[in-house]
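Novice: I'd like to ask some things about the structure below.
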Amino acid sequence: MNARRTGIGAAVADAVLAEAVRDGIPPPADDAFRVRLEQVATVAAPRSVAIGWATVDLDRAEIELAERLAHHGRPVVRAATADDALGAKCRLLAFGPGPGVPLPAPSTAGRLAAALARFGEAALALYLVVDTGMIDAVRREGVVLSAPGDGPLGRQRLVLGGSRWGPHLLLVAEVRNRSATGPQAEPVRRTPAGTIT
């Protein structure tokens, strides 16, 4: 694949990384990760991107990110499907339309645990929501993908070839219903003592 800084890939990388910096949750992205993101985004043409904040403590991360991202509105916290590729249990902070902010926490000694050991809590997963046909297009460009598996946003594939400790890039082609209402949706509420319930 051509790694030139032109087109949609560079625009997606620039926009995602700039938004992450504005929100105070930038991934520890090196040049190799940025090039890989640009290459995949050029072919996959993502409809949206979700920045996954890796943590060892879901309750604490939920509170901290709700406060850090308050300018997006009051989030709804939902239980989410585990991320098979990263070896993580997950929650999802939903701020309205869009994929939300996945919160993966290690459930195995897998990729996410390795990423947390190297970088600490950070934006260690980028979920690119793409049309189903884009998976084959990405593979035709020589990008190696994992087998499909479940993740916090839906059926996904991990982009292989990067470092084991991440940050990780995942393609989500079958998005689950993201309704912010329902039995698992709970708005984040602050009590007088300053805790979120």
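The values are calculated or read from the model by the stated rules, or taken from the named source; none is laboratory data. Values in this document were obtained by computation on a predicted structure and should not be read as measured data. Quick reminder, even Gly has a Cβ in these numbers, built from the backbone with ideal geometry, and neighbours come from all protein chains shown.
Novice: Of the residues Pro102, Pro75, Pro46, which single one is touching a strand residue (DSSP E or B) at 6+ places or on another chain (Cβ under 8 Å) and modelled with pLDDT of 95 or more?
Specialist: Pro102
Novice: Just one of the numbered conditions (1) closer than 20 Å to Ala20 by Cα; (2) in contact with a Gly (Cβ under 7 Å, 6 or more places away or on another chain); (3) surrounded by fewer than 22 Cβ atoms within 10 Å (Cβ to Cβ) is not true of Asp84; which one?
Specialist: (1)
Novice: What number of residues within the stretch 14-31 are surrounded by 12 or more Cβ atoms within 10 Å (Cβ to Cβ), of a type in the set (Asp, Glu) and part of a helix (DSSP H, G or I)?
Specialist: Final tally of qualifying residues: 2.
Novice: How many of the residues in the stretch 49-86 are closer than 16 Å to Leu116 by Cβ and touching a Pro at 6+ places or on another chain (Cβ under 6 Å)?
Specialist: The qualifying residues number 4.
Novice: Follow-up question, since we're still on this one. Please determine whether any residue of the stretch 143-155 is surrounded by fewer than 21 Cβ atoms within 10 Å (Cβ to Cβ), at pLDDT 95 or above, assigned to a helix (DSSP H, G or I) and within 16 Å of the chain's Cα centre (by Cα).
Specialist: no
Novice: Say whether the condition of being under 14 Å from His168 (Cα atoms), among the aliphatic types (A, V, I, L, M), assigned to a strand (DSSP E or B) and in contact with a Gly (Cβ under 8 Å, 6 or more places away or on another chain) is met by at least one residue in the stretch 44-53.
Specialist: yes
Novice: Here's another thing I want to ask about it. Going by the conditions given, is Ala85 under 15 Å from the mean Cα position of the chain (by Cα) and closer than 16 Å to Arg157 by Cβ?
Specialist: Spelling it out, Ala85 is indeed under 15 Å from the mean Cα position of the chain (by Cα) and closer than 16 Å to Arg157 by Cβ.
Novice: Out of the residues in the stretch 46-59 that are touching an Asp or Glu at 6+ places or on another chain (Cβ under 9 Å) and surrounded by fewer than 16 Cβ atoms within 10 Å (Cβ to Cβ), which is farthest from Ala123 (Cα to Cα)?
Specialist: Arg47
Novice: Looking for whichever is under 16 Å from the mean Cα position of the chain (by Cα) and part of a helix (DSSP H, G or I) here; the options are Arg78, Arg60, Arg34, Arg91. Which one fits?
Specialist: It is Arg34.
Novice: Another question, if that's okay. Looking at the stretch 125-142, which of its residues are without any contact (Cβ under 8 Å) to a residue 60 or more places away in the chain and not in a helix (DSSP H, G or I)?
Specialist: If the condition is that a residue be without any contact (Cβ under 8 Å) to a residue 60 or more places away in the chain and not in a helix (DSSP H, G or I), then Thr132 is the only one that fits.
Novice: Could you check the stretch 99-124 and list, in sequence order, the residues that are in a loop (DSSP other than H, G, I, E, B) and within 19 Å of Arg155 (Cβ to Cβ)?
Specialist: Residues satisfying the conditions are Pro99, Gly100, Ser107, Gly110.
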